[in-house]
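K.L.:
Pasting a structure here, questions to come.
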């Protein structure tokens, strides 16, 4: 038997790396046909977990859990699988397997009763997204398990994090609207203020406006989905009649806003410029195509996994000082702001 990267099995079977990981770690929620296709490919390619022998001699599970909140959003809005691919790029050569788990509302209330933790099946945790509440994250941290939070939430305590360059990205896209397209009344649609990404992107927007002595207009929504984007649009059209641009906290919110604007026959970008943040796969295919900030979820995953490896290696000596790692973000100009298509 030999070590075969999960990416090779994913390529051979036409599924995502995270699906292969779920099959290999006996995760529920995979169809029998898909499970059998992946297992057959693994047998054909003579797959064996890279750390299978090492775990016997090190008293480690040689497994890391990737935890995210269980929520229903369209697959084109999801970047978590890209995060996971980056994590695997780092962990697999070190002999670790990745156990992917989505956390239910009931499990959020009882973090110490998570099955994967009770059975001591993991050596470390990577948490994904701000929808995991601070109290849940802090309770896991109090258990002494090495962990890193990707795109986290405020109030979680002294926890290692990997974040986008949120403030700079939001500032860049806001200044672009003002300087290149003459927009003078941009409204920022935010997610919850305790989400770090929302708070930092708001600061970037406000900082850009202060350079031009402009007054911010901020609408805080309870989530960052297409539906909250539609609701934000209804608020803006009702209460901000002079708005000429929307700086959305992410692409999903931008798409929801654009959908409601089209329903009302409000033209984009002629009447209202719209921007997003993330550059998810759908951004370049929408009509008009979405101006946004490109983020790098695979690199986020790599950075999180690298930091987690360091934490696990140093666990016996006590946790080191927590660090926050920033991953770059770049402006991508398309049609929704008024730029020519690229």
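The values are calculated or read from the model by the stated rules, or taken from the named source; none is laboratory data. These numbers were taken from a predicted model, which means no experiment stands behind them. So basically every Cβ, Gly included, is an ideal-geometry build from the backbone, and we count neighbours across all protein chains shown.
K.L.:
Suppose the filter is surrounded by 15 or more Cβ atoms within 10 Å (Cβ to Cβ) and either touching a residue at least 24 places away in the same chain (Cβ under 8 Å) or not assigned by TED's automatic domain parsing to the domain that holds residue 158 (or both); does residue 249 pass it?
P.N.:
yes
K.L.:
Given (1) surrounded by 14 or more Cβ atoms within 10 Å (Cβ to Cβ); (2) over 20 Å from residue 335 (Cβ atoms); (3) touching a helix residue (DSSP H, G or I) at 6+ places or on another chain (Cβ under 9 Å), where does residue 174 come up short, assuming only one miss?
P.N.:
Here residue 174 meets the rest and fails (2).
K.L.:
May I pose another question? Only residues that are buried (at least 16 other Cβ atoms within 10 Å of the Cβ) and either assigned to a helix (DSSP H, G or I) or modelled with pLDDT of 65 or more (or both): list them for the stretch 20-34, please.
P.N.:
Listed by number, the residues that qualify are 20, 21, 22, 23, 24, 30, 34.
K.L.:
Can you spot a residue in the stretch 305-321 that is under 15 Å from the mean Cα position of the chain (by Cα) and outside the structural domain of residue 240 (by TED's automatic domain parsing)?
P.N.:
Quick first cut of the stretch 305-321, residues under 15 Å from the mean Cα position of the chain (by Cα) only: 305.
Next, only the ones that are outside the structural domain of residue 240 (by TED's automatic domain parsing) stay: 305.
Yes, the conditions are met somewhere in the stretch 305-321.
K.L.:
Oh, and also: Just to verify a result, which residue in the stretch 51-94, among those that are in a helix (DSSP H, G or I), modelled with pLDDT under 60 and out of contact with any helix residue (DSSP H, G or I) (no Cβ under 8 Å at 6 or more places or on another chain), is surrounded by the most Cβ atoms within 10 Å (Cβ to Cβ)? Please lay out each step first, then the result.
P.N.:
Residues of the stretch 51-94 that are in a helix (DSSP H, G or I), as a first pass: 54-58, 75-77, 80-94.
Checking which are modelled with pLDDT under 60 leaves us with 54-58, 75-77, 80.
Narrowing the set further to residues that are out of contact with any helix residue (DSSP H, G or I) (no Cβ under 8 Å at 6 or more places or on another chain) leaves 54-58, 75-76.
Working: 54: 14, 55: 17, 56: 10, 57: 7, 58: 12, 75: 9, 76: 13.
Per the criteria, the residue is 55.
K.L.:
Just need a number here: residues in the stretch 242-297 that are farther than 23 Å from residue 199 by Cβ and part of a strand (DSSP E or B).
P.N.:
Summing the residues that are farther than 23 Å from residue 199 by Cβ and part of a strand (DSSP E or B) in the stretch 242-297 gives 1.
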